[in-house]
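*Asks:* Structure provided below as structure tokens; questions to follow.
The values are calculated or read from the model by the stated rules, or taken from the named source; none is laboratory data. Here the structure is a predicted model, which is why all the values come from computation and not from measurement. FYI the Cβ positions are ideal-geometry reconstructions off the backbone, even for glycines, and counts take in every protein chain you see.
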Amino acid sequence: METKLLTEINDTKRAAVDVLLHNSYGPYGGLPRTAGWGYPEPYTRDLMISTLGVLLTGNEKLIKSLQNVLETLAKNQTPLGHIPSLVHNSKERGASDTTPLFLLAVAIYRKHVGDNDFLKESANKALIWMEYQSPTDRVLVSQLPTSDWRDEQWVLGYGLYVNTIVYSYLRLFGFSERANRIKTQMERLSIREEEKEEKNYIDEGLFIKHKPYYALWSYKIYNSERFDLLGNSLAIIMGIAPPTRAARIIAWIEKECQILQEKKELALDLPPNFFPYIMPGDKDWRPRYAKMNTPGEYHNGGVWPFVCSFYVAALIAAGKYKLAEKKFYSLTKCVKLARNPELAYGFNEWFKAQDGSPRGNDWQTWSASMYLYAAACLEQKTTPFFEELRKV
């Protein structure tokens with residue numbers, strides 16, 4: 001890597017740490033902010049995902065702040081084991097990904113600090129809660145629409161993203177048999193209504209005929225075959241997707257993004273979080289999308305730096321080092337863009353796909369943290385915390 005590029009990356013990494021330090025103390029009981037200005041609240045899912053980059057900084061203040069977040073979540077856990085959507089508010093409930101992400105973060109934090117009993121009681125309650133999220137006791141968990149990180153998009157039933165998190169925490173906690181059952185069930189066919197055999201019951205999965213990637217979601221005879229970048233990246237990182245499929249998924253992403261660029265539907269050299277975009281008039285279009293989720297924006301195809309960081313990690317996991325370096329440099333340029341012209345680094349929340357303009361909040365905690373994680377993946381040619389998950 002050229003010296004000029006290395007200098008630019010190191011400067012950006014320092015800026016990311018500065019953002020995390022700025023956001024580490026907020027107005028809600030001293031808990032971290034989700035963003036420098038727009039989101040003063042401590043959103044659970046954002047901070048749990050940020051665990052990856054925070055631990056890699058080695059910064060004692062940031063790691064202590066993370067410990068405070070985890071312990072506060074344990075105190076605000078419901079009697080049945082569910083983890084709230086806001087760290088400080090036990091009444092903010094209903095998210096499908098907060099409890100799995102809490103378990104993932106606890107498992108990673110335990111290993112990092114060498115304390116296998118950290119939040120033992122709370123983790124056990126959360127594990128039991130998650131067992132009850134599987135309607136047919138298949139280990140695969142289900143969810144309601146708008147209940148995961150895509151709070152403006154419908155994901156119904158067995159969602160890919162949430163189940164990749166479940167698989168990873170099961171492996172990290174040592175529940176390999178249950179994890180393997182999830183992996184097996186995900187490989188089952190995602191059934192379209194027209195393919196359903198009336199006389200034979202088929203347990204649905206997330207495998208799609210004639211496509212390399214996993215379905216966004218599947219439930220009985222309904223599914224979505226639109227592409228979920230975060231879920232598929234996690235499937236590669238966690239070892240759910242075997243190496244041959246991982247390579248096919250990546251090749252498909254790059255080809256489809258080139259087509260989007262040629263059609264002027266993608267301005268950045270980074271993949272959208274979701275595509276093809278849902279268009280007005282499509283079967284899965286919902287009236288509210290006209291306000292918050294128009295094509296190429298937000299959850300309907302916006303480019304999210306934290307998701308693209310996971311894609312860089314997936315490229316490393318698949319051994320695509322040159323492509324990972326190329327995408328990481330594009331990410332480095334992207335995180336400089338800001339809505340506030342006075343900021344040298346925006347670490348913005350998301351970008352409009354068609355013109356690459358920042359549309360979310362600047363100094364987003366998970367944008368900064370996941371940039372640091374992607375940088376570590378590229379530097380080490382490994383995926384910290386998850387290497388063992390890809391070993392059979």
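*Asks:* Hey, can you tell me all the residues within region 338-362 that are more than 15 Å from residue 299 (Cα to Cα), among the hydrophobic types (A, V, I, L, M, F, W, C) and more than 18 Å from the chain's Cα centre (by Cα)?
*Replies:* The answer is 338, 343, 344.
*Asks:* Right, something else. Could you grab the pairs with beta carbons closer than 6 Å, sequence gap of 6+ or different chains, first residue in region 233-260 and surrounded by 15 or more Cβ atoms within 10 Å (Cβ to Cβ), second one β-branched (Val, Ile, Thr) and in a helix (DSSP H, G or I)?
*Replies:* Here the result reads 234/164; 235/164; 238/164; 246/236, each pair linking region 233-260 to a residue that is β-branched (Val, Ile, Thr) and in a helix (DSSP H, G or I).
*Asks:* Can we say residue 155 is closer than 22 Å to residue 80 by Cα and β-branched (Val, Ile, Thr)? If you could, list the steps in order and put the result at the bottom.
*Replies:* Details: closer than 22 Å to residue 80 by Cα: no; β-branched (Val, Ile, Thr): yes.
No.
*Asks:* So, residue 228, is that one in contact (Cβ under 8 Å) with a residue 24 or more places away in the chain and surrounded by 16 or more Cβ atoms within 10 Å (Cβ to Cβ) or not? Full working, then the answer.
*Replies:* Numbers: in contact (Cβ under 8 Å) with a residue 24 or more places away in the chain: yes; surrounded by 16 or more Cβ atoms within 10 Å (Cβ to Cβ): yes.
Taking the combined requirement at face value, the residue satisfies it.
*Asks:* Against the condition in a loop (DSSP other than H, G, I, E, B), in contact with an Asp or Glu (Cβ under 9 Å, 6 or more places away or on another chain) and farther than 23 Å from residue 107 by Cβ, how does residue 378 come out, does it pass? Outline the logic, then answer.
*Replies:* Working: in a loop (DSSP other than H, G, I, E, B): no; in contact with an Asp or Glu (Cβ under 9 Å, 6 or more places away or on another chain): yes; farther than 23 Å from residue 107 by Cβ: yes.
No, not satisfied.
Results for (1) more than 26 Å from residue 362 (Cβ to Cβ); (2) of a type outside the set (S, T, N, Q), shown as yes or no for each residue.
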{"position": "51", "(1), (2)": "no, no"}
{"position": "64", "(1), (2)": "no, yes"}
{"position": "80", "(1), (2)": "yes, yes"}
{"position": "86", "(1), (2)": "no, yes"}
{"position": "89", "(1), (2)": "no, no"}
{"position": "97", "(1), (2)": "no, yes"}
{"position": "107", "(1), (2)": "yes, yes"}
{"position": "119", "(1), (2)": "yes, yes"}
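So that you can scan it fast, the table gives a plain yes or no per residue for (1) within 24 Å of residue 314 (Cβ to Cβ); (2) within 20 Å of the chain's Cα centre (by Cα):
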position: 101; (1), (2): yes, yes
position: 117; (1), (2): no, no
position: 123; (1), (2): no, no
position: 137; (1), (2): no, no
position: 144; (1), (2): no, yes
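*Asks:* Still on this structure, please answer the following. Within region 286-319, work out how many residues are more than 20 Å from residue 250 (Cα to Cα), assigned to a loop (DSSP other than H, G, I, E, B) and not charged (D, E, K, R).
*Replies:* Residues meeting the conditions: 7.
*Asks:* Something else: Working only within region 143-159, note down all residues that are on the phi < 0 side of the Ramachandran plot and assigned to a strand (DSSP E or B). So that I can check it myself, show each step before the final result.
*Replies:* Going through region 143-159, the residues on the phi < 0 side of the Ramachandran plot turn out to be 143-145, 147-156, 158-159.
Once the filter is applied, which keeps residues that are on the phi < 0 side of the Ramachandran plot and assigned to a strand (DSSP E or B), region 143-159 yields 143, 158, 159.
*Asks:* Got a sec? Which of 287, 358, 341 is free of Cβ contacts under 8 Å to residues at least 40 places away in the same chain and crowded, with 21+ Cβ neighbours inside 10 Å? It would help to see each step written out before you state the result.
*Replies:* Values: 287 fails: crowded, with 21+ Cβ neighbours inside 10 Å; 341 fails: crowded, with 21+ Cβ neighbours inside 10 Å.
It is 358.
*Asks:* Considering only region 83-111, state which residues are farther than 28 Å from residue 27 by Cβ and without any contact (Cβ under 8 Å) to a residue 60 or more places away in the chain. Walk me through how you get there before you give the answer.
*Replies:* Taking region 83-111 as the starting set, the residues that turn out to be farther than 28 Å from residue 27 by Cβ are 107, 110-111.
The one that is farther than 28 Å from residue 27 by Cβ and without any contact (Cβ under 8 Å) to a residue 60 or more places away in the chain: 110.
*Asks:* If you don't mind, there's one more thing I want to ask. Taking the condition modelled with pLDDT under 95, surrounded by fewer than 17 Cβ atoms within 10 Å (Cβ to Cβ) and of a type in the set (A, V, I, L, M, F, W, C), does residue 202 pass? Write out each step before concluding.
*Replies:* On the way: modelled with pLDDT under 95: yes; surrounded by fewer than 17 Cβ atoms within 10 Å (Cβ to Cβ): yes; of a type in the set (A, V, I, L, M, F, W, C): yes.
Yes.
*Asks:* When you check residue 137 against the structure, is it without any contact (Cβ under 8 Å) to a residue 24 or more places away in the chain, under 27 Å from residue 368 (Cα atoms) and not hydrophobic (A, V, I, L, M, F, W, C), yes or no? Reasoning before the result, please.
*Replies:* Values: without any contact (Cβ under 8 Å) to a residue 24 or more places away in the chain: yes; under 27 Å from residue 368 (Cα atoms): no; not hydrophobic (A, V, I, L, M, F, W, C): yes.
In short, no.
*Asks:* Only residues that are among the β-branched types (Val, Ile, Thr) and assigned to a loop (DSSP other than H, G, I, E, B): list them for region 235-267, please. First the steps, then the outcome.
*Replies:* Here is the first cut: in region 235-267, the residues among the β-branched types (Val, Ile, Thr) are 236-237, 240, 244, 249-250, 253, 259.
If the condition is that a residue be among the β-branched types (Val, Ile, Thr) and assigned to a loop (DSSP other than H, G, I, E, B), then 240 is the only one that fits.
*Asks:* Moving on to the next point. Which ones in region 320-357 are part of a loop (DSSP other than H, G, I, E, B) and of a type in the set (Lys, Arg)?
*Replies:* Initially, region 320-357 is screened for residues part of a loop (DSSP other than H, G, I, E, B), giving 320, 335-350, 352-357.
Of everything in region 320-357, those that are part of a loop (DSSP other than H, G, I, E, B) and of a type in the set (Lys, Arg) turn out to be 320, 336, 339, 352.
*Asks:* Report, by residue number, each residue of region 135-150 that is touching a strand residue (DSSP E or B) at 6+ places or on another chain (Cβ under 7 Å) and not aliphatic (A, V, I, L, M).
*Replies:* Start the filter on region 135-150 by keeping residues that are touching a strand residue (DSSP E or B) at 6+ places or on another chain (Cβ under 7 Å), which leaves 140, 142-143, 148.
The answer is 142, 143, 148.
*Asks:* I'd like the residue in region 143-166 that is touching a Lys or Arg at 6+ places or on another chain (Cβ under 8 Å) and farther than 20 Å from residue 208 by Cβ and, out of all such residues, is modelled with the highest pLDDT.
*Replies:* If we take residues in region 143-166 being touching a Lys or Arg at 6+ places or on another chain (Cβ under 8 Å) and farther than 20 Å from residue 208 by Cβ, then 149 is modelled with the highest pLDDT.
*Asks:* Mind checking which residues of region 362-375 are outside any helix (DSSP H, G or I) and surrounded by fewer than 23 Cβ atoms within 10 Å (Cβ to Cβ)? Steps first, please.
*Replies:* Taking region 362-375 and keeping what is outside any helix (DSSP H, G or I), we get 362-364.
Answer for region 362-375, where residues must be outside any helix (DSSP H, G or I) and surrounded by fewer than 23 Cβ atoms within 10 Å (Cβ to Cβ): just 362.
*Asks:* Could you grab me the full set of residues in region 21-49 that are assigned to a helix (DSSP H, G or I) and buried (at least 19 other Cβ atoms within 10 Å of the Cβ)? Spell out how you get there, then give the answer.
*Replies:* Initial filter on region 21-49 (assigned to a helix (DSSP H, G or I)): 21-23, 44-49.
Within region 21-49, 23, 44, 45, 46, 47, 48, 49 qualify.
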